[in-house]
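Take a look at the structure below.
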Amino acid sequence: PTEGVVVRKAGVSIGYVPQRLAIDRIMPLTVARWLRLSGTPQAVDYQRMVERIGIAQLLGEQMGSLSGGEFQRALLAQALLTQPALLVLDEPTQGLDQPAIASFYRLIEAVRKEIGCAVLMVSHDLHVVMRSSDHVICLNGHVCCEGPPTVVSAAPEYQALFGFGAEGALALYRHEHDHSHDHADEADSRVG
């Protein structure tokens, strides 16, 4: 901050998934070794997390050889191994294709509910922000407006930034359910 004091409660664990992380593609660093760099997690937690995030089959792979989605899942797994009270995501889906983005956000929501952590996400994807957030802070060099998505989308400051009528163009509808609309997953389960 440029002024004031940041007070951090002792013992609060924070998991962080960066927007980008440069790893030398020729450095011999497996996914398993990468995950253990954040400390030595309990074996049960480690195995449960790699299975939950869907990277168990990648543990022997080199970090430099992973696809964008696999790489982001490895970063997410490492962030979650600390059992964070707060998970910070900085543009976590940049560079991913649409199916990978949808899968990543479904995973974040499921994990958030499972471990009970708060999620702070930086994103320029207004559709995701408005659809998936409980509280939005709109920044443009300063805090322009903040509050629930419906309040923010109607704020004059927000409309000045994104145009009048923007609130109607964005996905404010929240469709909460326990099933998936991923037909590829359904097809895979029928084939297997």
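The values are calculated or read from the model by the stated rules, or taken from the named source; none is laboratory data. Because the structure is a prediction, the values reported are computed rather than measured. A quick note on method: Cβ atoms are made from the backbone with ideal geometry, for glycine too, and the neighbour counts reach across all protein chains shown.
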Given the conditions (1) surrounded by 14 or more Cβ atoms within 10 Å (Cβ to Cβ); (2) in contact with a Ser or Thr (Cβ under 9 Å, 6 or more places away or on another chain); (3) at pLDDT below 85, and given that Gln72 satisfies all but one, which numbered condition is not satisfied? (3)
Got a sec? Which of Leu86, Leu80, Leu139, Leu120 is surrounded by 19 or more Cβ atoms within 10 Å (Cβ to Cβ) and either touching a residue at least 24 places away in the same chain (Cβ under 8 Å) or not charged (D, E, K, R) (or both)? Leu80
Conditions: (1) of a type in the set (S, T, N, Q); (2) closer than 16 Å to Phe104 by Cα; (3) at pLDDT 85 or above. Thr30 meets all but one. Number of the miss? (2)
Exactly one condition in (1) closer than 18 Å to Gly15 by Cβ; (2) surrounded by fewer than 17 Cβ atoms within 10 Å (Cβ to Cβ) is not met by Ile108; state its number. (2)
Only residues in the stretch 18-35 that are part of a helix (DSSP H, G or I) count as the first member; pair them with residues that are among the polar types (S, T, N, Q) and at pLDDT 85 or above, Cβ under 6 angstrom, at least 6 apart or cross-chain, and list the lot. Leu35/Gln78
Assess whether Asp45 counts as being of a type in the set (D, E, K, R) and in a loop (DSSP other than H, G, I, E, B). no
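Okay, residues lined up against (1) more than 18 Å from Ile115 (Cα to Cα); (2) of a type in the set (A, V, I, L, M, F, W, C); (3) out of contact with any strand residue (DSSP E or B) (no Cβ under 8 Å at 6 or more places or on another chain):
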{"residue": "Leu59", "(1), (2), (3)": "yes, yes, no"}
{"residue": "Ser67", "(1), (2), (3)": "yes, no, yes"}
{"residue": "Ala79", "(1), (2), (3)": "no, yes, no"}
{"residue": "Pro84", "(1), (2), (3)": "no, no, no"}
{"residue": "Leu87", "(1), (2), (3)": "no, yes, no"}
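This table checks each residue for (1) more than 15 Å from the chain's Cα centre (by Cα); (2) within 25 Å of Ala56 (Cα to Cα); (3) at pLDDT 85 or above.
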{"position": "Met121", "(1), (2), (3)": "no, no, yes"}
{"position": "Val128", "(1), (2), (3)": "no, no, no"}
{"position": "Asn140", "(1), (2), (3)": "yes, no, no"}
{"position": "Pro148", "(1), (2), (3)": "yes, no, yes"}
Restricting the search to the stretch 89-101, which residues are without any contact (Cβ under 8 Å) to a residue 60 or more places away in the chain and either part of a helix (DSSP H, G or I) or of a type in the set (Phe, Trp, Tyr) (or both)? Gln98, Ala100, Ile101
Against the condition surrounded by fewer than 19 Cβ atoms within 10 Å (Cβ to Cβ) and on the phi > 0 side of the Ramachandran plot, how does Gly95 come out, does it pass? yes
Quick check: anything in the stretch 78-87 assigned to a helix (DSSP H, G or I), under 24 Å from Tyr16 (Cβ atoms), modelled with pLDDT of 85 or more and hydrophobic (A, V, I, L, M, F, W, C)? yes
Here the residues within the stretch 90-106 that are touching a helix residue (DSSP H, G or I) at 6+ places or on another chain (Cβ under 7 Å) and of a type outside the set (Ser, Thr, Tyr) are Pro92, Gly95, Leu96, Ala100, Phe104
